[in-house]
Amino acid sequence: MSTTRTNRLRRPLLAGATAVAAVAVTVGLMTAAPEQATAATGPTLSLVAATGSVTLTSWKEEPGVYLDLGTYLTAEGRPLELKVTRKSYKDPVTVTQTVFEGGGSKAKTLPLGTVKDFSGLPGFAEITVTDRDGKVVVSRAESFCPNNASGRIRPDAPATSKYPESCPTNPFTLGSVWGVEKGWAANTYGGSYTEPVKLAAGTYTAKVRVAKKYRDLFGIADKPASVKLTVEERSWENGRSAAAGEHAGHGPAHQAPSAHAGHGAGHAPTAAQAGAPQTSGAGPSYNVGHGPLKAAPPALPWALKVQQAGRAGVRAAGDTPGQTDGSRQAPALAPRPARPTGTPSVPNVPKPDLRSLPAYGITISDGGAQDIPGKDYLAFSANVWNAGPAQLVVDGFRSPGKAMMDAYQYFYDAQGKQVGYTPTGTMEWDPRPGHVHWHFTDFASYRLLKADQKEAVRSGKEAFCLANTDAVDYTVKNANWHPNNTDLSTACGQENSISVREVLDVGSGDTYTQDLPGQSFDITDLPNGTYYIQVLANPAKRLKETNLDNNSALRKVVLGGTPGRRTVTVPAHDLVNAN
């Protein structure tokens, strides 16, 4: 349980991608095979250093140095693949390893407690930094996301990795897939999710070792990687522009953050958000109001990558759980040039299943940040996701001279052929700073319910530009591990657009942060007590789904305090204790 009170709205801590700047690992970095192997069919894993020396910058305006040491976990023979799931929020997070045998695979359950959440393997990399005199100045353990920035280590390795580009950090994630493709290497650096360390300018020796429990679990040899570390001190005022491309080895990942436009105006991004331009390719303004920021760089569907690479032997209809060969996915995100003709129909083919996650990132604002003093607002983040087995595909078509678009939902058969469509509301242009794109109306609604679950306040926000901001469950059938529209720059159109396509992929969800008056709840005149934030997907039931009975999610909150100094206490939601 947590209690928060703020006099100014604080943007919730929303995590973006854990992937760091991609660095290719060359063949020459390979080390000797581990002394111990998991099995004949298991991956051969090694820890290597991309370089023998790195130079990091200590910025006076920042709390320390981020230890991006260029160490990688390599996989040979077979990929390392892990499925991370929980049955419900009442159950702990568990992990299984996919063991490949011949043309098939089987699941190997790893010990309970191996993982605590979906952000990576905790305590995987043990880092020790010593100074010139051999004195230990840093000793720490960091988590490892196998989906971190990666590159090929062999010229004959698969041209692309089938695994997602990041590990999700939404507190209500349900399932994830982690992996290091065979012949590839994944960076062990945790990016913006690690804490910086204080190091004075000078030279050091950094040693990285895989923790014993993971060496034993995956058969990794006990061969630490050593790197000569040079720390330079600089400031933004003196040499910021010269260091823009080399800031602590992260590019813009840890530069001075700029305030978000629109919804985020006046709220400095978190370390994770500030890292988004480099780690994900998304500038903060792309996802105004949405959060987390883009989870991964735009990527072609895995099946299309396989096809382009000319690889054979990929199953078409019998792909393994959590994977997709693309045959059941809709065509590319380009909207159709003209509105559909013929008779609308809703064929008997797979459809999306929209589900709501409980609200999180819950906090109090006094309205001062939006120049509305004397008001108390309850702000929160909400996510609606698609459990599949089909994408949600909505196209908007504009009649010349009209401000609104007519929206249609499209349906596809197992071969990806369009077999039907039906009208499903409208799209509207939002010209406000930080938006400037087309919103699909009535996608979701938000209500604050009293203790008896009768409505007390309704949010004015019901129109959205859909984006796959969060990987909610990549273990569901037909989940797309490489969604295209992961930020608002990839869809949503422009003011002069004649048509727009918006897509919510299977396994992904769209988080929207309700932090402005009219979106957040006005609680100025509400008495203290117990309430529930309701997130309701498809409120008008205009969208065709496989199930309409799982569209609502409730999150309990307790309001307290006095006018101008209201507080909110957020009890844990089963095992999820995140406000």
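Note on V349 and D216: their simple-model spin labels are 5.2 nm apart, each label 7 Å out from Cα toward Cβ. Here the alpha carbons of the range 194-235 define both size measures, Rg and Dmax, at 14.5, 44 Å.
Using the Cβ-Cβ distance between S226 and D549 with R0 set to 60 Å, the FRET efficiency from 1/(1 + (r/R0)^6) comes to roughly 0.60.
For the peptides 118-128, 52-62, 381-391, residues were scored by their other Cβ atoms within 10 Å and the scores averaged per peptide; the highest-first order is 381-391, 118-128, 52-62.
Taking each residue as 0.36 nm, the span from T51 to T524 lengthens on full extension beyond its C-alpha to C-alpha distance by 164.5 nm. Each Lys or Arg adds one and each Asp or Glu subtracts one; over the other residues with Cβ under 10 Å from the Cβ of A225, this totals +3. Peptides 209-221, 91-103 ranked from most to least packed give 209-221, 91-103, packing being the mean of other C-beta atoms within 10 angstrom over each peptide's residues.
Placing dummy labels 7 Å off each Cα toward the beta-carbon, the span from A403 to A572 is 4.9 nm.
Any read-out appearing in this document is the output of simple, stated calculations on the displayed coordinates, not a laboratory observation. Remember, predicted model here, so these are calculated numbers, not experimental data. Backbone-built Cβ (ideal geometry, glycine too); neighbour counts: all protein chains shown.
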